[in-house]
Every structure is written in C-alpha cells, then in structure tokens.
C-alpha cells in the first residue's frame, strides 16, 4: 500500500483572521481543494476546473485570494490558484516520493523476511 499524504490543517484555523475573513463557504472550498491537492500531489495548485465545478466556485476563490489564502496562478498554461505557503505546511512532491520509496523498500524487506521464514518453516509475526 502506497501512503497517501494528508492535507494538514492547523488547529487554530477556526479563529485565524484569514479564515474568518474568507468565510465558511470559502473555507469549505479551501478544505476540499487542499484534499484534492494532497491526493494528486499538485503542490498546492488548484486548477480552475476544480473550482468552477462547485457552486459559486469562482466567487469563493476570489474571497480566498482577498483573504490571502490563495493567489491566482497557472501551471502549464492551465489557469487556477495556488495555496499560500503550501510548501511550509504540507508535504512537497519530493517528500511524498521519498516516503513512498522508503515504504516500498520497507515492504520489500518485510516480504523477503517472511518468505525466508516460511522456507525455514517458521511462523512469521507481523
């Protein structure tokens, strides 16, 4: 199983001036977009199609920009938004790939150890 990164949310988000300024609906979009960015390892880039797929998406995105949580951006000619300081609070693509490789190696060693134990007729405890 390859680990999927989590979208981390500070436990003071509920009272931070930026989130209070953006409002509840915009923070809902912010949260869902963060989840999307983590799953697809976009490093905080939110494509326009994702935003416009939600009711009032562009209006909510503009509230996030105004609050300083997002900035307008583009990636490979695709318009969208970028999370402010993503790399300071979330895992980077490099860190995710490193963790996934370490996990693959750990699983490989475990499977080899289990295979060897079975050859010797030993029970393997996980």
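Laboratory data are not the source of any read-out in this text; all were calculated from the coordinates shown. Every value quoted in this text rests on a predicted model; they were computed, and no experiment measured them.
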Most mobile of 22, 67, 53 per a Gaussian network model of the chain (Cα springs, under 10 Å)?
-> 53
Which value, to two decimals, describes the C-alpha radius of gyration of the chain once divided by 2.2 N^0.38 Å?
-> 1.45
Please give the helix 57-67 orientation as an angle from the longest Cα principal axis of the chain, in degrees from 0 to 90, rounded to the nearest 10.
-> 80
Gaussian network model of the chain, Cα within-10 Å springs - most flexible of 106, 59, 98 = 106
Nearest 10, in degrees from 0 to 90: the angle of helix 24-40 to the longest Cα principal axis of the chain is 40
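Need one number: convex hull volume per residue for region 62-126, Cα atoms only, in Å³.
Details: hull volume 8.3 nm³, N = 65.
Cα-based convex hull of region 62-126, divided per residue, equals 128 Å³.
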